[in-house]
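Worksheet for the structure shown next.
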Amino acid sequence: MALIPVASNSRREVVEVVAPAPTPTASTSPSRSPLASKTPKHKKTETGKNPKANTSPRPKHTRSAAPRASRSKKAAMRPSYASPRAYAKSVLSPAQYACADAVFTHESAWNPYATNPSSGAYGIAQALPASKYASAGSDWRTNGVTQVRWGLSYMDQRYGSPCAAWAFWQSHYWY
């Protein structure tokens, strides 16, 4: 049903026109029907206002295109990695990755929760004390990527490279 304003000689009138009933369509989603947008939801009065407009206000959209203020710039710049191994592969050459992989496999089998029962060393890189990981990120207890980031930095600082750390490990069985 549609309302069409009609002008007469002395006054303006609103005439109600009844539209034919829509025919069923083969679409499985009624919201995608071409007739769905042509049918009015509410009758309009002579003034042209919707009588239900004040009784059910629509919620305001609260999302904006701007990024959230609570996100830090540092976190937004770090890409997300599927695994600690993927992170290591992305920052090392294939030869250096093979060495780091050998060290981390022997130390913890890449398990971010690995704990040495005798020394208390923790995580993928077996940091001792475990709180050393905190310099790489506050999520060090559970995030293997943070632990690998710290472990690679440790290998570079102490041995010069992951391959030098692997060479030391092979002769001492620790690094």
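The values are calculated or read from the model by the stated rules, or taken from the named source; none is laboratory data. What you see is a predicted model, and the numbers here were worked out from it, not measured in a lab. Neighbour counts run over all protein chains shown; Cβ positions are idealised from the backbone, glycine included. Areas reflect the complete protein model, heavy atoms only, side chains present, ligands, DNA and RNA absent. Shrake-Rupley method; radii C 1.70, N 1.55, O 1.52, S 1.80 Å.
Residue ranking by accessible heavy-atom surface, 1.4 Å probe, largest first, among L92, L128 comes out as L128, L92. Length gained on full extension, A95 to S138, computed as 0.36 nm times the residue gap minus the Cα-Cα distance: 12.5 nm. Remark: spin-label model distance T105-D156 equals 2.4 nm, labels positioned 7 Å along the Cα→Cβ axis.
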